[in-house]
Amino acid sequence: MKVAIVGVTGYSGLELLRLLQGHEGVEVVSIHASQSVGKQIGDLFAHLRGIYDFVIKDFDAEVIMSQADLVFFATPSGLSKSLAAPFIAANFPVIDLSGDFRLPAETYEKWYGQTAAKKEELACFTYGLSEWVDVKEKRFIANPGCYATATSLSLLPLLDIIDETAIIVDAKSGLTGAGKKLAESSHFATVHDNYQTYKVNQHQHIPEIMQNLKKRNADVPYIQFSTSLLPINRGIVATSYLKLKPGKTSEAIKAAFQSAYKDKFFIRLEDGRLPDLHQVIGSNFVDIGWVYNPVTEVITVGAVLDNLIKGAAGQAIQNLNLMYGFEETTGLIGLPTYV
C-alpha cells in the first residue's frame, strides 16, 4: 500500500520514514512539511542520503488522496485537527500521531488550551493502544501519547487487584519527547547534567491515561502523576507505586501481567526486576517489570519504551499493520541498540 507523511521533518516524522523503509508492504509516495518545501530530504538530513531522494512537498489534501492509500500526520498537536478535516470528509484513512483526536472535545480544550476538532470528526477516530484496542479495518486512528502508552500498558492489567485510589506514577522522558520547537527548558545548558520535574499533575497525557484506566475499571477516581526530563535523547520510564487490594497476594501480579500479555510480541515481562532504557531504545518493545515489598506492601512497577518508536512512529506502524492485515511485527523487528 502507498502512504504519505505530513510533518516529515519532526522527530516522529523522520522516525516514520526510517521505519517504513524496512516495511515490505508499504511504499512512501510523498512527504510533506510546512517548511523546507522544495528541498530534498537527504540535503536536510544527511543520514537519509542515498536512501530517500524525496523532495518535500507543500500540503495538498487532494493530491495526497490521489496518490496514497493512507496518510500519517506527525504534526504538533493543534495542527492535525484542521489538516485532517478533508480526509475525514472523504473517508480517507488517517493515522494521527498528535493529541488532537485522542480526547473528547471538552477534555481536549481544558488540557491542551486549544479549540478541539468537531465532535463528529472526533467520533470517527479509534484510540489505537495496540495491545488493548481492536483496530482491524478501522479508518481513523488516534495514536497514543508516549507517557500514556507506557503508563497505561503497565497499569491496565493490574486494575482488578490494586487499590484504585492509591495510584502514584513518576514518569520521565528524554528530550525528543518535547518535540523540535526550542524553548528555554530544552537548551543544552538547561538539560545537560540536570534533572527537571515539570507539569506535575498538569501534563496533557493525564486525561488520556485516565480515559484508558476508566474503560477498564470505572472506579479509578484519579492518579498522582509527575513528569520529569532526563538529559538523554530518547526514552520513557514510567515508575508506578501501587497497593494490593485486601486478600490479594504478590502472586496475583505476575498472573495478571501474563494473562494480559501472553500473546503480545512487543510486551516483555520481568518478575522481580525493574527494566532499564538500554533494553528498549531503538525498538518497538515495551519492557515491564515489578518488585513487591512485603514490608510496606507496595508494588513498584517499571515500564520503559522508546518514545519515538513505541511511543509514536512504531506504534503508528503497528496500528497500520493491524488495520490492514499485515503481520503485526512487519517493519518493526529491530533489535534495541543497547548501547
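The values are calculated or read from the model by the stated rules, or taken from the named source; none is laboratory data. Being a predicted model, the structure only gives us computed values, none of them experimental. A quick note on method: Cβ atoms are made from the backbone with ideal geometry, for glycine too, and the neighbour counts reach across all protein chains shown. Quick note on the areas: whole protein, heavy atoms, side chains included, nothing else; ligands and nucleic acids left out. Shrake-Rupley method; radii C 1.70, N 1.55, O 1.52, S 1.80 Å.
Within region 68-81, which residues are at pLDDT 95 or above and within 17 Å of LEU16 (Cβ to Cβ)? Correct list: ALA68, ASP69, LEU70, VAL71, PHE72, PHE73, ALA74, THR75, LEU79, SER80.
Report the residue count in region 100-111 for those that are of a type outside the set (D, E, K, R) and open to solvent by 40 Å² or more (accessible area, probe 1.4 Å). Count: 3.
Exactly one residue out of ILE288, ILE299, ILE232, ILE236 is under 18 Å from ALA171 (Cβ atoms) and either modelled with pLDDT under 95 or surrounded by fewer than 18 Cβ atoms within 10 Å (Cβ to Cβ) (or both), and it is ILE232. Within region 318-329, not a single residue is surrounded by fewer than 21 Cβ atoms within 10 Å (Cβ to Cβ), under 21 Å from the mean Cα position of the chain (by Cα), more than 24 Å from MET1 (Cα to Cα) and among the hydroxyl-bearing types (Ser, Thr, Tyr).
Screening the candidates LEU19, LEU79 for the property of being touching a Phe, Trp or Tyr at 6+ places or on another chain (Cβ under 9 Å) and under 21 Å from ALA312 (Cα atoms) yields one hit, LEU79. The criterion of at least 1 residues that are farther than 23 Å from THR165 by Cα and not aliphatic (A, V, I, L, M) is met by the following strands (runs of 3 or more DSSP E) wholly inside region 234-325: 267-271, 286-293.
For ASP134, the conditions (1) farther than 30 Å from GLY7 by Cα; (2) surrounded by fewer than 19 Cβ atoms within 10 Å (Cβ to Cβ) are fulfilled apart from (1). Within region 107-114, is there a residue that is touching a residue at least 12 places away in the same chain (Cβ under 8 Å), touching a helix residue (DSSP H, G or I) at 6+ places or on another chain (Cβ under 8 Å) and within 16 Å of CYS146 (Cβ to Cβ)? Yes, region 107-114 contains a residue that is touching a residue at least 12 places away in the same chain (Cβ under 8 Å), touching a helix residue (DSSP H, G or I) at 6+ places or on another chain (Cβ under 8 Å) and within 16 Å of CYS146 (Cβ to Cβ).
What about VAL28, is it surrounded by fewer than 22 Cβ atoms within 10 Å (Cβ to Cβ) and not small (Gly, Ala, Ser)? Steps first, please.
Working: surrounded by fewer than 22 Cβ atoms within 10 Å (Cβ to Cβ): yes; not small (Gly, Ala, Ser): yes.
In short, yes.
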